[in-house]
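What follows is calculated from the coordinates using simple rules that are stated; it is not laboratory data. Just so it is clear, the model here is predicted, and its values are computed rather than measured. FYI the Cβ positions are ideal-geometry reconstructions off the backbone, even for glycines, and counts take in every protein chain you see.
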Amino acid sequence: MADAPPFVHLHCHTQYSLLDGAMKVKEMCAAAAEDGQEAVAITDHGNLFGAVDFFLQAKQRGVKPIIGCEVYLSPTTLEDKRHHVGLPKTYHLILLATDERGYRNLLSLVSTGYLEGFYYKPRIDKRVLAEHAEGLVGLSSCLGGEVPRHLRNGDPDAAARAAAEYREILGEGNFYLELQRHGIEAQERVNQGLVELGRRLGIPLVATNDCHYLRQEQAAAHEILMCLQQQTTRSNPNRWRYESDQLYFRTRAEMAELFADLPEALEATCAIAERCTFELDTSHTYLPSFDIPEGYERPIDYLRHLAEEGLERRLAARPPARHGRADYERRLERELAIIDQMGFPGYFLIVWDFVRYAKEHGVPVGPGRGSAAGSLVAYCLGITDLDPLPYDLLFERFLNPERVSMPDIDMDFCMDRRGEVLAYVTRKYSEEKGFGHEAVAQIITFGTMQARAILRDVGRVLELPYAECDRLAKLVPNELGITLEEALAREPRLRQLAEEDERIAEVIRYARELEGLNRHASTHAAGVVIGDRPLREHTPLFLTPEGDVVTQYDKRYVEKVGLVKFDFLGLKTLTVIDRAVRLANEERQARGEPPLVLSEIPLDDAATFDLLCRGDNTGVFQLESGGMREILVKLKPRCFEDVIALVALYRPGPLGSGMVDDFIDCKHGRKPIRYLLPELEPILKDTYGLILYQEQVMQIAAALAGYSLGEADLLRRAMGKKDAAEMARQHDTFVERAVARGVARDKAEEIFRLMAEFAKYGFNKSHSAAYGLVAYQTAYLKAHHPVAFMAAIISADMDNTDKVVKYVHHCRENGIEVLPPDVNRSTAAFRVEGNAIRFGLAAVKNVGAGAIEAVVQARREGGPFTSLVDFCERIAHVRPNRRMLEALVKAGAFDSIHPNRAQLLANLEPALAAASQALKERDTGQASLLDTLEVETSDLVAEMEPVEPWPERVKLEHEKEALGFYISGHPLTHYREEIRRYATCPIAELQTWKEEGPATVVGLIQNVVTKLNKQGDRFAILTVEGMSGLLEVVLFARLYREVEHLLESREPVVISGRLQVGERGVSLRADTLVPLADHRAAMTREAEITLSPSRQGGDDYRVLRQILSQHPGKTPLFLRLHLPGGDQVRIRAGDRFAIHPSDELLAELRQELGDAVEVAFR
């Protein structure tokens, strides 16, 4: 390669050309360095997503980075968003930044393309280009460029005019005619025209390769990527495709051979690269300014005032128990000094400002998250709500004066109202400063092709049957971030399939090529940047499909270019807590009790800890899983410190290391608590001698080796990163300093080893404490206001049927009745009604927000509705339709007016006609017909056609149709005992299982989807519903053939098989499926019937005898009789009363004797 002439690639599409570029930035830069290329350019389609990533990667490898973009130009104007016949939608143009000015112009152009010119693609036009041309070099681009397109169309004059225009816009010497040789016939013709044009106009030529992948053999994988972009299959003859397999990152030698006849075109690449001297500055931070009030000279003065004022307020509201006032004042002064020294008073003031706004406007705000909970200044400002001193939370874990970096305060807001806070920040820090909307933006994030997903994607493109794709993907271990290479190394079945089946080998081969590429861009869940000026001066901007303006640099790189990131997270639990407190205070007000103030609840409440000790964790933040329930029952937390520890313990590291068991055993005295030195006891007492928190590592280093807390934070970071060289240095420093302070060398060595070992699992105590507080608050609300809490949590999950079913079931198990929706009592959300929860109208399907608002308002203004007609007339202005009324009737929302749902449904048309007439009369100003004739709407009810009420089963099915589940009962209720007897556990409980293994479920088949396997045999995927949840069940071809006739049945079934835990949750691979009735008949050894004492008379016995005689069988029957005085006797009926334990028998007994009879099969 040394003898090959120099060459620089100036046309490269990386993984940031989404679903088009297949080159990873890191690999491209490494390839350039390996080939001795002194520079390389990035020119992704229409964006600069990868510019900073690319710049840093190239620099790291000693290659000069050239930042560029292949922009899209409108053939007319930016504002023209129409397709003109005879014109392409866009032209392509390569733009490269030569200097700082060029880079800033590129930022602006690319931002304009998305924010103002987007029409299928992000477009600019020549006017905008001319306004931002300084510092840019342009290349005429590929066959999609304007000049090549005119030449391809046989119009050299138009090509010459276009080339001359670009030269004029960009300036003499700044526009090049780009030659590419990919073996495409049309390209060769265009190249001849470009060479002639260059000579005629004096415009220089430049050679490029339109690089989309690194090596030529990756062309086939790139073709798969293009199919993903087009959502088509490889076999589709009509799909768009590149006409060449030569769009790869050629070596200098290959380019020299390809352009041997035009050496000047190769030399031009180096000349352009030499002109490109732009260096990205990553050394500055651009803090937004905070306008301090008059009377304060500097931001630190105002911050001090607010913090001292806040400290007074905090100490008055909750007097400290463990620390004196002087401790708080010293800590506050030290923190303020560090904040001032590091230049961050303005940052704290901005966070204080938007948190203050949120709280003043009733937006629920979390008590803190992350290391910011260790700051007393943040606590005094109201940014956090947990006092850091009683829990030994360290400021230096948050802000270390010995390692200057931006503070990172993450804030949780109510999920529903987070947007209000963002709007305030945009208004104050952008619009009011004269920057429009452009000084505040959310941050982009990229979804990448992960191992399981890319197997499914490639399998779909190659038309591998769904079942095989699914089986293949599920063989990849369900671990975050696992690669296909790791999966193949660990899963022999995956390797075996690849060896035995060429189709699967092909899928895996292409999937490995494409794995890790970016798939799509979206908005980061929390990140927001606030700039000191319009953001396009620091970062290009992007418009999401949802219309959000976000940065084109992701969260890592916005900070690299000096922008300050703030995290605004939406936390649903805060919405739940806020609603639960409001509902609880409505109850308290009605009882004449003072309102509940969450910040004042005691943190040692016995009822709250009782609830946690018994594992009643449904709905409790961070503590809700099945595994956590087991730990709660074992640990039996009795203080807030235990809750903090629980949040830190329930993670893979501690769970896998045995630390959790040690913690529990030490707490309960089953294992001795050991402290290697007496100095460790005050640090490790709350965690029973174990190092659980990162802060404890810092405290040990300070106590034993005299580290400052800033130095200790550096030690903590080194341990967390497992940097061998740094760890060796820290080891020597720690041991020597500890020995110098009187610690025996062997003890110092052992303690350092323990610190390093536990640091692998150590958790940020500040975050644990802050989220532990939210967990405690939810547990407190559930313990003291269970109805309000459950109403709030169901309301927050109204759009998730599985969760609503789970929570409703939990309510019923705990004696809380869930009442059906009622047009005369329900609001949009679930609400408290005595000791019950009233169903919310917003959870009824096909009932929109506008209609609900009209219902509530009509009821408020005119009292309860008296009939269906009255209801339709009074909300006529929102035009109620049949679908909405049907849903309300089926859900039981009119039961309080007219309990016969079948009759209401059969008479909807008159009600709708009345609504239509009422609306017409209101529009014309006429009086209502009913008002004129003084007809009561109840008269219209009386005229309804008589209809028999629905049977219970039909009524329940209609409820499920309208609500997504059953509300007034459940078809499986009568089978509760049998479910307990035959099923491994309830279906809802299975969803929390982490281990695969055998399982049996009892449920109703709700949905059947059939598919074909590779042999052309049909198999099925079922949705099976239990009393409190849903489960996916897979029936493979053999079993499907055997039981197909049972799948349309509405009767309960018993399914046994193997439970599988995958990326989409838990599913059951069925081995057997039988009707519950058949299973019962096979498993039942005896039947027992009990009549209630009040029904043990002759008539009821005669009815019972008659029913039993109609269901003869071989199962012995026992009768349980109630004797005077409360005793019971169990007697066996004669053999002639042996029965067949069928569903029909149960149904007849229920129909004739109702709740007076209990039947048990054993």
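Taken over the Cα atoms of segment 449-597, the convex hull encloses 227 Å³ per residue.
The length gained by stretching the chain between residue 723 and residue 812 to full extension, at 0.36 nm per residue less their Cα-Cα distance, is 26.7 nm.
Ordering of 670-676, 581-587 by packing is 581-587, 670-676, highest average first (other Cβ atoms within 10 Å, averaged per residue). For residue 671, the residues 5 or more places off, or on other chains, whose built amide H falls under 5 Å of its own are 666. In straight-distance terms, cross-link reach from residue 760 covers every one of the aspartates and glutamates whose alpha-carbon lies under 13 Å from its own, apart from those fewer than eight places away in the same chain; here that gives 723.
For residue 384, the residues whose modelled amide H falls within less than 5 Å of its own, excluding neighbours fewer than 5 places apart on the same chain, are 379.
In segment 282-413, taking the dipole from charged Cβ atoms about the Cα centre, the farthest positive-side position among 390, 347, 310 is held by 390. Based on DSSP H segments of at least four residues, each scored -39500 (n - 2.57), the chain has a per-residue ellipticity at 222 nm of -13500 deg cm²/dmol. If the chain linking residue 733 and residue 657 were pulled fully straight, counting 0.36 nm for each residue of separation and taking away their Cα-Cα distance, it would gain 24.5 nm. Shape summary: segment 586-677 maps onto an equivalent ellipsoid whose semi-axes, from the alpha-carbon gyration tensor, are 31, 15, 11 Å in decreasing order.
Remark: segment 1102-1109, residue by residue, has Karplus-estimated 3J(HN,Hα) of 5, 4, 4, 4, 5, 5, 4, 5 Hz, where x stands for each Gly or Pro and the curve is 6.51 cos²θ - 1.76 cosθ + 1.60 at θ = phi - 60°.
Using just the alpha carbons, could you tell me how many Å³ per residue the convex hull of segment 973-1081 encloses?
100 Å³
Once Rh is set to the Kirkwood radius over Cα pairs, what Stokes-Einstein translational diffusion coefficient, in µm²/s, holds for segment 282-413 at a temperature of 4 °C and a viscosity of 1.567 mPa s? The diffusion coefficient I find is 85 µm²/s. Scalar couplings 3J(HN,Hα) for segment 500-516, obtained by applying the Karplus form with A = 6.51, B = -1.76, C = 1.60 to θ = phi - 60°, are 8, 10, 4, 4, 6, 4, 5, 4, 5, 4, 5, 4, 5, 5, 8, 4, x Hz; x denotes Gly and Pro. When each of the peptides 682-688, 855-861 is scored by the mean number of other C-beta atoms lying within 10 Å of its residues, the order from highest to lowest reads 682-688, 855-861. For the chain, the alpha carbon positions stretch 115, 83, 76 Å along the principal axes, listed from largest to smallest. Per-residue Cβ neighbour counts within 10 Å put 383, 444 in the sequence 383, 444, beginning with the fewest. Taking amide hydrogens as modeled 1.01 Å from N in the peptide plane, which residues meet the under 5 Å criterion relative to residue 72, leaving out close sequence neighbours? For residue 72, the qualifying residues are 46, 124.
Round to a whole angstrom and tell me the spacing of the C-alpha centers of segment 755-781 and segment 841-915. Using only Cα atoms, the two centres lie 48 Å from each other.
Just how many % of Cα pairs in segment 593-779 lie over 22 Å apart, if you round to the nearest whole percent? Counting pairs separated by more than 22 Å, the tail of P(r) holds 50 percent. Pairs from the table (24/722; 433/572; 803/955; 359/782; 428/560) lying more than 30 angstrom apart at Cα are 433/572. If the cut-off is 20 Å between C-alpha atoms, which aspartates and glutamates fall inside it for residue 747, apart from same-chain ones fewer than 8 positions away? Reachable aspartates and glutamates: 679, 681, 732, 736, 757.
Based on the Cβ-Cβ distance of residue 431 and residue 120, what FRET efficiency does E = 1/(1 + (r/R0)^6) give at R0 = 35 Å, to the nearest 0.05? Between residue 431 and residue 120 the formula returns 0.70. Most tightly packed first, judged by the mean number of other beta-carbon atoms within 10 Å of their residues, the peptides 589-600, 430-441 read 430-441, 589-600.
Under the simplified labelling scheme, the residue 1017-residue 1144 pair shows an inter-label distance of 3.5 nm, with each label point 7 Å from Cα along Cα→Cβ.
Computed from backbone phi, the HN-Hα couplings of segment 727-741 come to 5, 4, 5, 5, 4, 4, 4, 4, 4, 5, 5, 5, 4, 4, 9 Hz, rounded to whole numbers (Karplus: 6.51 cos²θ - 1.76 cosθ + 1.60, θ = phi - 60°; Gly and Pro given as x).
Stretching the chain fully between residue 670 and residue 316 yields a gain of 123.3 nm (0.36 nm per residue, less the alpha carbon separation).
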